[in-house]
1. Only residues that are out of contact with any Lys or Arg (no Cβ under 6 Å at 6 or more places or on another chain), farther than 30 Å from residue 122 by Cβ and in a helix (DSSP H, G or I): list them for the range 29-43, please.
2. Looking at 84, 25, can you tell me which residue is within 30 Å of residue 163 (Cα to Cα) and at pLDDT 90 or above?
3. Does residue 170 fit the bill of being outside any loop (DSSP other than H, G, I, E, B) and closer than 17 Å to residue 93 by Cβ?
4. Inside the range 131-167, can you point out the residues that are touching a residue at least 24 places away in the same chain (Cβ under 8 Å), assigned to a helix (DSSP H, G or I) and within 15 Å of residue 92 (Cα to Cα)?
5. Just wondering, is there one or more residues in the range 72-93 that are more than 12 Å from the chain's Cα centre (by Cα) and over 30 Å from residue 42 (Cα atoms)?
Amino acid sequence: MKKISSDLKIEGLSDEERALRRRLQDARSEAISFLGLAKKPSGRVAQRLRDEGYDDDIVREVVRELTEEGYLDDLAIACRMTRQRRGRQAESRFALRQRLLQSGLERSAVDAALDETLTDRELARDLLDARFAPELKHLRSDETPPGEKRRLFMRVARLLSSRGFDSELINELIRRH
């Protein structure tokens, strides 16, 4: 990895070039300080630098350098987040995409991570199995009164809907279970 500090007394540089390099170095130091030991999305680092008053050219350059040097890795973060959103935490690919983009991850990293995740049908099935296994058994029972079945159906459908799954998929999965 590159050193955070550098010698800015390079011969032949104008005062303006030295000032630009100093500003770039300050922005780099701020970004690395913000990162600390945690992995953060490049969008959050860029926003932090903008909030600190750095112009867009410097922000882009610092983010590019930090990405090349391995300080920033949006793909690794996106993959980790998609793995975490399974089972009881599952949500539709659309909802997951929105979550990843809002967290400040690069669009290309989000697309690559979503290409490797499960389909909406598999994610919804995981969620149903993790959250509603006893209720689904109760729903299948012939002894369950119709009013109770309707209540359970609505409860399961509300959860799936709140996680971004479309109504056709919800109806199909619940009826199949």
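1. Selection gives 29, 30, 31, 32, 33, 35.
2. The match here is 84.
3. In short, yes.
4. 156, 159, 160
5. no
The values are calculated or read from the model by the stated rules, or taken from the named source; none is laboratory data. Everything numeric in this text was worked out from a predicted model, so none of it was measured. Note: ideal-geometry Cβ built from the backbone for every residue, glycine included; neighbour counts use all protein chains shown.
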